[in-house]
1. State all residues of the range 334-352 that are open to solvent by 10 Å² or more (accessible area, probe 1.4 Å) and either in contact (Cβ under 8 Å) with a residue 40 or more places away in the chain or under 20 Å from Leu412 (Cα atoms) (or both); if no residue qualifies, say none.
2. Being in contact with a Lys or Arg (Cβ under 8 Å, 6 or more places away or on another chain) and either within 15 Å of ligand 1 (Cβ to nearest atom) or more than 19 Å from Val421 (Cβ to Cβ) (or both) is the filter here; which residues of the range 127-148 pass it?
3. Do we have Ala364 as buried (at least 22 other Cβ atoms within 10 Å of the Cβ), closer than 19 Å to Asn298 by Cα, touching a residue at least 60 places away in the same chain (Cβ under 8 Å) and small (Gly, Ala, Ser) here?
4. How many residues are closer than 16 Å to Ala426 by Cβ and in a strand (DSSP E or B) if we restrict to the range 136-158?
5. Output yes when any residue across the range 297-316 is among the small types (Gly, Ala, Ser) and within 17 Å of Met230 (Cα to Cα), and no when none is.
6. With respect to Gly302, is the statement that it is open to solvent by 10 Å² or more (accessible area, probe 1.4 Å) and either away from ligand 2 (no atom under 14 Å from the Cβ) or touching a residue at least 60 places away in the same chain (Cβ under 8 Å) (or both) true?
7. Yes or no: the range 100-110 includes at least one residue that is within 16 Å of ligand 1 (Cβ to nearest atom) and either on the phi > 0 side of the Ramachandran plot or in contact with an Asp or Glu (Cβ under 9 Å, 6 or more places away or on another chain) (or both).
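The values are calculated or read from the model by the stated rules, or taken from the named source; none is laboratory data. Predicted model only: the values in this text are computed from it and were never measured. Using ideal geometry, Cβ is built from the backbone for each residue, glycine included, and neighbour counts are taken over all protein chains shown. For accessibility, only protein heavy atoms count, side chains too; no ligands or nucleic acids. Shrake-Rupley method; radii C 1.70, N 1.55, O 1.52, S 1.80 Å.
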Amino acid sequence: MPLTRKAYRAAILHSIADPAVVGIEASYEYFEDGLLVTENGQISAIGPACELLASLPSDIQVTHYQDALITPGFIDTHIHLPQTGMVGAYGEQLLDWLNTYTFPCESQFADKAHAEEVAGIFIKELLRNGTTTALVFGSVHPQSVDSFFEAARTLDLRMIAGKVMMDRNAPDYLTDTAESSYVDSKALIERWHGKGRLHYAVTPRFAPTSTPEQLTLAGQLLSEYPDLYMQTHISENLQEIEWVKELFPERKGYLDVYDHYKLLGERSVFAHGVHLCDDECARLAETGSAIAFCPTSNFFLGSGLFNLPMAEKHNLNVGLGTDIGGGTSFSLLQTLNEAYKVMQLQGARLSPFKSLYLATLGGARALRLEDKIGTLQPGTDADFLVLDYNATPLLSYRLKQAKSIAETLFVLMTLGDDRTVLQTYAAGNLVHQR
Ligand code: GUN
Ligand code: ZN
């Protein structure tokens, strides 16, 4: 096979550690005039352009960008594919929002043609926004996951998804049974888990929509296959938390329900966690579980403010989630814009380098994929972005005033969105061109 070595020259920035642990200056690497070299879908070198170019054959193909920044692809640790068509549903908080808008919208995925159409739209939207890896909820219908994985496989994307398990407290047209959810999930695991860069996530929607029998079988699936993911929701909304207490009076609290059914672990990602207590954070950290912080959703559904400093105190893995369609943007730049405000409202700060970490390496760590994605380290997948400093007239003008990469980065996260993403590369292939 011919060697497909390519080089990309621009400003280059990536996170290499958590600023909360090592301090801001040691958390990133920045090359003002950098070179990124890729070979057969992986990154083979990164460094100052002048040094690296001298070591490469003179006929290597170099793409040179002006006024642009190369970063790792963004990682969305919580998003719902079948809610693509209902972003911006007016007026309700979580439980009424689910009944009024979400369940009817997800029911359309009983139709395979609809599932295929939305999978295509959804993947295009991820890539337009610079998201190269996502942890994705399907609907209760297995075909929502089949059509997503088929489309992701064609583009050789690194993606994680699962069929929702939901056998109570939802309309009949949208429920499975404990037994059918087990059988259907198992068939999807056999078909997709570990195929190319795809992974499967066992996906009980949240405690209120699963019987104890279904939660038991979710735990059983996790014990039957290595490296499976688990995704669900936790402590998003106060009414939801009260409901969980009524449904599971024998358990100590919301997290204890999942703990009892053996759903915590290193590949378990819990969305929201807005109202977690100190002990629950400690237990999540102890089991290596992660939280998906979903600021646009938490604002839009009036859920509350995620306490990132508390998570940091416990050394808990945190990634960023858009939570489409409770969330209002596919853009992790816009999600970070809102994350900053969540911290401001709690008298705390979110530095641009912590933000970059959350959208890239932090997400990769939450998914236990930091040896493959989330940085631009040689040997990792060539999943990266070219961000355009001149994407809009205001961004262009504003960035001309910026005096440091910290300021540039912060403005990109405040004013940036899908228009900022000039190109998206996955496994070294161009998968989106603005
Ligand atoms: N809790 C249970 N299901 C959902 C969902 O679809 N979205 C959000 N934001 N929370 C949930
Ligand atoms: Zn969600």
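1. Narrowing the range 334-352 to residues open to solvent by 10 Å² or more (accessible area, probe 1.4 Å): 334, 337-338, 340-341, 344-349, 351-352.
Those that are open to solvent by 10 Å² or more (accessible area, probe 1.4 Å) and either in contact (Cβ under 8 Å) with a residue 40 or more places away in the chain or under 20 Å from Leu412 (Cα atoms) (or both): Gln334, Asn337, Glu338, Tyr340, Lys341, Gln344, Leu345, Gln346, Ala348, Arg349, Ser351, Pro352.
2. Those that are in contact with a Lys or Arg (Cβ under 8 Å, 6 or more places away or on another chain) and either within 15 Å of ligand 1 (Cβ to nearest atom) or more than 19 Å from Val421 (Cβ to Cβ) (or both): Phe137, Gly138, Ser139, Val140, His141, Pro142, Gln143, Ser144, Val145, Asp146, Ser147.
3. No; evaluated as a whole, the condition is false for this residue.
4. 1
5. Going through the range 297-316, the residues among the small types (Gly, Ala, Ser) turn out to be 297, 302-304, 311.
Next, only the ones that are within 17 Å of Met230 (Cα to Cα) stay: none.
No, the range 297-316 has no match at all.
6. Values: open to solvent by 10 Å² or more (accessible area, probe 1.4 Å): yes; either away from ligand 2 (no atom under 14 Å from the Cβ) or touching a residue at least 60 places away in the same chain (Cβ under 8 Å) (or both): yes.
Spelling it out, Gly302 is indeed open to solvent by 10 Å² or more (accessible area, probe 1.4 Å) and either away from ligand 2 (no atom under 14 Å from the Cβ) or touching a residue at least 60 places away in the same chain (Cβ under 8 Å) (or both).
7. Yes, there is a match, as at least one residue in the range 100-110 is within 16 Å of ligand 1 (Cβ to nearest atom) and either on the phi > 0 side of the Ramachandran plot or in contact with an Asp or Glu (Cβ under 9 Å, 6 or more places away or on another chain) (or both).
Condition check ((1) free of Cβ contacts under 8 Å to residues at least 24 places away in the same chain; (2) away from ligand 2 (no atom under 16 Å from the Cβ)) across all residues:
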residue	(1), (2)
Lys163	no, no
Asp172	yes, yes
Ser181	no, yes
Pro208	no, no
Gln214	no, yes
Leu217	no, yes
